[in-house]
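None of the figures in this text is laboratory data; all of them are computed from the coordinates on show. This is a predicted model, so every value here is computed, not measured. In this analysis, Cβ positions are derived from the backbone assuming ideal geometry, glycine residues included, and neighbour counts consider all displayed protein chains.
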Amino acid sequence: MFPRSDSALLIVAHGSTVNPDSSAPTLTHAAEIRRRIAFAGVGCAFWKEEPSLRDAIFLFDPELIREVHVVPNFISEGYFTQTVVPRELGLNGRITRRSNGQIWKYSEPVGNHPMMTELLLRRAREIAPGIPENEATLLIVAHGTDLNENSAVAAKREAEKIRALGKYATVLNVYMEEPPLVSNWRKLTKTRNVVVVPFFISDGLHSYEDIPELLGIAEAAGVDRGRPGSAPPVTRSRGEIFRGNPYKIDGRTLFYAPSIGTDPGFADIIVEQALHAKS
């Protein structure tokens, strides 16, 4: 299935007013899809950054673009995909016919795509090359709490799918703020090797600082959140936490990956979601 020559792609994401890395993966995936010339136009819009979701309504010239595919770059269905995005874009269902003649098709979030499982497996293999999977535990880390209930469910779903493949000795979905807690990884895991993949769209405070601190690897990577009495931190790039692998803790070997949403394979998933949107 190929898009019409007068079709455009709009990737929508959360964005952030405080984390400049929040929109980076979305913009990178858009640039890759644009390079492939898969659509007549490719744009991005954000809830917390520019261009805004409301401005996105005017991104594509109705004389040239007759069909717009909207793909939410979110891990799971939830408040933003079900309420905020449709409201801000003026969508009234999976298909919206605008007064200017454009047809807007609204897809499911990228996290719902079956290919997500393979991306998680690939990221885990890349971060721990040469480590036999049957001698390692894979931890998929999500935020947790009632405010992020659906993302917790998505992490559990992916863990169950990977567990069923029988590749890893153990596969666990763990959370920052609800049980099973990622901070309890030593008690939850038995294997010598532990591979950790954050189930987030972008790298930011959680993946750079919060999760490393909960894992006990922040100090080894030089992360200092300015605790009282601490010495001034050494200036380091935020991505250095991922280059410190493997981490040796209590006789265990821990591998820590960047957030799954930074994987280049997300460009393929975005295109797939756009072209196979439910009517």
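Taking the DSSP beta bridges with both ends in the range 1-119, the antiparallel portion is around 15 percent. Seen from LEU181, the other residues with C-beta closer than 13 Å to its C-beta sum to a net charge of -2, counting Lys and Arg as +1 and Asp and Glu as -1. Taking only the Cα atoms of the range 72-205, the ratio Rg/Rh comes out at 1.08, with Rh defined as the Kirkwood radius.
Maximal additional length on extending the ASP55-ARG35 stretch stands at 4.8 nm, based on 0.36 nm per residue less the C-alpha distance. Mind pulling the angle between the C-alpha long axis of helix 24-35 and the longest principal axis of the chain? Nearest 10 degrees, somewhere in 0 to 90. For helix 24-35, the angle is close to 50 degrees. Contact order for the range 65-185, expressed relative to its length and based on alpha carbon pairs under 8 Å spaced 6+ residues apart, stands at 24 percent. When the pairs LYS48/LYS105; LYS105/LYS156; LYS48/LYS248 are compared against a 31 Å limit on Cα-Cα distance, LYS48/LYS248 fall above it. Most tightly packed first, judged by the mean number of other beta-carbon atoms within 10 Å of their residues, the peptides 255-268, 25-38 read 255-268, 25-38. The calculated FRET efficiency for the pair THR170 and ARG122, based on their C-beta separation and a Förster distance of 22 Å, comes to about 0.70.
Selection among PHE74, TRP185, GLY261 by position relative to the dipole of the chain gives TRP185 as farthest towards the positive end (Cβ unit charges, Cα centre). In terms of packing, defined here as the mean over residues of other Cβ atoms within 10 angstrom, the peptides 82-88, 169-175 line up highest first as 169-175, 82-88. Label positions at TRP47 and LYS190, each projected 7 Å from the Cα along the C-beta direction, are separated by 4.0 nm. For the chain, the Kirkwood hydrodynamic radius comes to 19.8 Å, computed from all pairs of different C-alpha atoms. Counting only DSSP beta bridges whose two residues both lie in the chain, roughly 15 percent are antiparallel.
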